[in-house]
Amino acid sequence: MLIVMDRSATEADVARVVESITRMGLSAHTIPGEQRVAIGVTGNRGAVDPAALENLHGVFEVIPVSHPYKLVSREFHPDDTVVSIGGVPVGGRTITVIAGPCAVESRERMVEIARAIKERGAKLLRGGAFKPRTSPYSFQGLGEEGLKILAYAREATGLPVVTEVLDTATVDLVAEWADCLQIGARNMQNFELLKAVGRTGKPVLLKRGMSATLEEFLLAAEYVLSEGNPNVVLCERGIRTFSDFTRNTLDLSVIPAVKRVSHLPILVDPSHGTGKRNKVIPMSRAAIAAGADGLSVEVHDRPEEALSDGPQALTPELFGELMAQVGPIAAAVGRSS
Ligand code: PEP
Ligand code: MN
């Protein structure tokens, strides 16, 4: 349920409504707005009788919320959310590009790649220190050493870093080094992990599970927000379909679908979304045209030597082409890069 306060409602009016909600055993989330304050109500198992709140002083309207998710919905928060990752905004008018290798491999590679992507316009650096690999025999990442390398690359370039956290046991460790915690597709419904990253208050890049519906995706984000952490950036990274010419099928239609029902920013990962280098630039163009708030792209200066996902990595030169091509598209849809 969402309570919309009158434009003329005072702070005391808002406080009284919050108190009534709390007395009903429910949680109140005050959402300040430019024109008026709204108050989201969570914690109810069924419908709440609107009459109890409707007549309180300063209440303009009580709106029942039809979705199972609440805090992520536009009904609760009509304006677009802008998440700050180490001072870099994600969402709003700007297009933000995250780039970097699939995995952190060495200090030299990381700094080299970080400099190359920064020079070409990336605002955030990615790289996995803990890697979720399909095979236990594949490179599993450098672990804590990888986090330190990321911090070193941040120091060298000024780019804030985004890196994956695989389990609850390492949330505090990863949060200590990273500017943004990535939840991978395979962990999108690891609910304990979602709650744990929610409790850190750090920005979270939540990747869509490879067979997650829109509702499941948004409910995963709801887990993070329900822990009091509003800093969630969604990321479409391709879903499983019968199509066999790409690694996954990039579901770009989820962008307008998310924008319609949620205030959270959404990025697109055309690298995992296609698995093929030659499809990354065209799908990046399409993602920005469709309204994505930015991209997360894998870049490696020696893709043939990459320890993971080499076939989908762009070289720095190709990444430069990508940036040059998406700029005018961003401008055409009213965004700046
Ligand atoms: C990644 O971004 O490094 C990654 C493993 O992606 P996903 O979880 O989308 O497969
Ligand atoms: Mn990868």
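Using every Cα-Cα pair within the chain, state what percent have a distance larger than 39 Å.
Result for the distance tail: 17 percent.
Please list the non-local residues whose amide H lies under 5 Å from the amide H of G141, H modeled 1.01 Å from N, same-chain partners needing a gap of 5 or more.
K131
Any lysines with Cα under 30 Å of the K123 Cα? List them, leaving off those in the same chain fewer than 8 positions away.
K131, K148, K195, K202, K207, K259, K276, K279
Expressed as a whole percentage, what fraction of the accessible surface of the chain belongs to carbon and sulfur atoms when a 1.4 Å probe is rolled over the protein heavy atoms?
The value for the chain is 51 percent carbon and sulfur by accessible area.
Per DSSP H run of at least 4 residues, take -39500 (n - 2.57); add these up for the chain, divide by its residues and hand me the 222 nm value, nearest 500 deg cm²/dmol.
The per-residue figure over the chain is -10500 deg cm²/dmol.
Only sites in a loop by DSSP and with at most 13 other Cβ atoms within 10 Å count here; which trypsin sites (Lys or Arg not before Pro) in region 170-259 make the cut?
Answer by residue number: R240.
Quick one: net charge around V90, please, counting Lys, Arg +1 and Asp, Glu -1 for every other residue with C-beta under 12 Å from its C-beta.
-1
Who wins for biggest fluctuation among F76, F139, F319 in a Gaussian network model of the chain, springs between alpha carbons below 10 Å?
F139
Hey, can you grab everything whose amide H is under 5 Å from the amide H of L314? Only 5+ residues off in sequence or another chain; H modelled, so Pro and N-termini drop out.
E298, V299, H300
Could you pull out the trypsin sites (Lys or Arg not before Pro) across region 56-118 that fall in loop regions by DSSP (anything but H, G, I, E, B) with no more than 13 other Cβ atoms inside 10 Å?
Here the trypsin sites (Lys or Arg not before Pro) that fit, given the DSSP loop and packing criteria, are R93.
For region 173-314, divide the Cα radius of gyration by the Kirkwood radius and give the resulting Rg/Rh value with two decimals.
Answer for region 173-314: 0.97.
In sequence order, what are the phi-derived ³J(HN,Hα) couplings for region 69-84 according to the Karplus relation 6.51 cos²θ - 1.76 cosθ + 1.60 with θ = phi - 60°, rounded to whole Hz, with x for glycine and proline?
Per residue, the Karplus-derived 3J(HN,Hα) values read 8, 10, 4, 8, 7, 5, 4, 6, 8, x, 7, 4, 7, 10, 9, 9 Hz.
Picking from I31, I95, I281, which is most flexible by a Gaussian network model of the chain using Cα springs under 10 Å?
I31
Using all Cα-Cα distances in region 2-63, what percent lands in each 10 angstrom bin from 0 up to the longest?
Answer for region 2-63: a P(r) of 24, 62, 14, 0 percent.
Keeping all protein chains in place, calculate the accessible area per residue for the chain (probe 1.4 angstrom), answer in Å².
43
The values are calculated or read from the model by the stated rules, or taken from the named source; none is laboratory data. Not measured: the values here are computed from a predicted model. As a convention, Cβ positions derive from the backbone with ideal geometry for all residues, glycine included, and neighbour counts pool all protein chains shown. Ligands, DNA and RNA are stripped out before the accessible areas are found, and what is left, the full protein with its side chains, is counted by its heavy atoms. Shrake-Rupley method; radii C 1.70, N 1.55, O 1.52, S 1.80 Å.
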